[in-house]
1. Conditions first: (1) among the aliphatic types (A, V, I, L, M); (2) touching a helix residue (DSSP H, G or I) at 6+ places or on another chain (Cβ under 8 Å); (3) free of Cβ contacts under 8 Å to residues at least 24 places away in the same chain; (4) over 28 Å from HIS37 (Cα atoms). LEU53 passes all but one, so which condition is the exception?
2. hydroxyl-bearing (Ser, Thr, Tyr), more than 20 Å from the chain's Cα centre (by Cα) and surrounded by 14 or more Cβ atoms within 10 Å (Cβ to Cβ): is that true of TYR120 in this structure?
3. How many of the residues making up segment 94-105 are surrounded by 11 or more Cβ atoms within 10 Å (Cβ to Cβ), in a loop (DSSP other than H, G, I, E, B) and in contact with an Asp or Glu (Cβ under 6 Å, 6 or more places away or on another chain)?
4. Going through segment 146-174 one residue at a time, which ones are in a strand (DSSP E or B) and among the charged types (D, E, K, R)?
5. Restricting attention to segment 150-165, which residues are within 18 Å of ASN114 (Cβ to Cβ) and either modelled with pLDDT of 90 or more or open to solvent by less than 40 Å² (accessible area, probe 1.4 Å) (or both)?
6. Six or more apart or on different chains, Cβ under 6 Å: which pairs go from a residue in segment 150-166 that's touching a residue at least 24 places away in the same chain (Cβ under 8 Å) to one that's in a loop (DSSP other than H, G, I, E, B) and surrounded by fewer than 18 Cβ atoms within 10 Å (Cβ to Cβ)? Could you list them?
7. Consider only pairs whose beta carbons are under 6 Å apart and that are at least six residues apart or on different chains; among these, list those whose first residue lies in segment 106-134 and is in a loop (DSSP other than H, G, I, E, B) and at pLDDT 85 or above and whose second residue is of a type outside the set (Val, Ile, Thr) and surrounded by fewer than 13 Cβ atoms within 10 Å (Cβ to Cβ).
Amino acid sequence: IESIAQGTGLEEKKIQKADKLRALNIQKDDIISAISHEFRNPITSIHGYAETLCSDEKISPAIQKKFLEKILSNANRLDVMIHRLRTAQKLEGKSFEIYKKACDIGKICEKAINNLQHQYPQREMNFEKLYDGTVMADEVFLEIAIMNLIENALKYSQHNVKIIYTHCRLDVIDQGIGIE
């Protein structure tokens, strides 16, 4: 009777493990679906602008420049998304390394604002750069953090977003429902 009971416990553990694997596979499929959706928009935009540039020989130089800027902006957006994915993967696997170097937070903020301005063209972002120095940090993680802060301010507030960079502080100020 004891060996039968042990066998039953082992079967239960196998069933629990199989259920857990199924749940993880469903979660992975959901994540892949969400990621592919996020990538589809900039890729569609890049494709449309590039196709127009290639097929219409009579486009004015001003329109060409505007289309090329849109292509570049969407390519930058894809690059940021790939960096986020790689970072999330590294953090999940705890196999990431920090590469510190001198970083100009002001330039990182300007780059983030420029990228987000294309996603939120009707929104105003005011940037006050009150410090010109650099900090020692991992630039990729710093870019992701700053981009997330500003993007969250845009998502969760209907008002203008103000970014202030001083010697020891970076403030992202909005009127949203989020945290201080």
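1. (4)
2. The answer is no for TYR120.
3. 0
4. If the condition is that a residue be in a strand (DSSP E or B) and among the charged types (D, E, K, R), then LYS162, ARG169, ASP171 are the ones that fit.
5. Residues satisfying the conditions are ILE150, GLU151, ALA153, LEU154, ASN160, VAL161, LYS162, ILE163, ILE164, TYR165.
6. Pairs that qualify, where the first residue is touching a residue at least 24 places away in the same chain (Cβ under 8 Å) and the partner is in a loop (DSSP other than H, G, I, E, B) and surrounded by fewer than 18 Cβ atoms within 10 Å (Cβ to Cβ), are LEU154/TYR120; LEU154/ARG123; ASN160/GLU124; TYR165/TYR131; THR166/LEU130; THR166/TYR131.
7. If the second residue must be of a type outside the set (Val, Ile, Thr) and surrounded by fewer than 13 Cβ atoms within 10 Å (Cβ to Cβ), the pairs left are TYR131/HIS167; THR134/ALA102.
Per-residue answers, yes or no, for (1) modelled with pLDDT of 85 or more; (2) more than 13 Å from HIS118 (Cβ to Cβ); (3) exposed (fewer than 13 other Cβ atoms within 10 Å of the Cβ):
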residue: ILE32; (1), (2), (3): no, yes, yes
residue: ASN41; (1), (2), (3): no, no, no
residue: ILE46; (1), (2), (3): yes, no, no
residue: ALA50; (1), (2), (3): yes, yes, no
residue: ASP56; (1), (2), (3): yes, yes, yes
residue: ILE59; (1), (2), (3): yes, yes, no
residue: GLN64; (1), (2), (3): yes, yes, no
residue: ALA75; (1), (2), (3): yes, no, no
residue: ARG84; (1), (2), (3): no, yes, no
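The values are calculated or read from the model by the stated rules, or taken from the named source; none is laboratory data. These figures come from a predicted structure and were not determined experimentally. Note that each Cβ is placed from the backbone with ideal geometry, even for glycine, and that neighbours are counted across all protein chains shown. Protein only, heavy atoms only, side chains kept; ligands, DNA and RNA dropped before computing areas. Shrake-Rupley method; radii C 1.70, N 1.55, O 1.52, S 1.80 Å.
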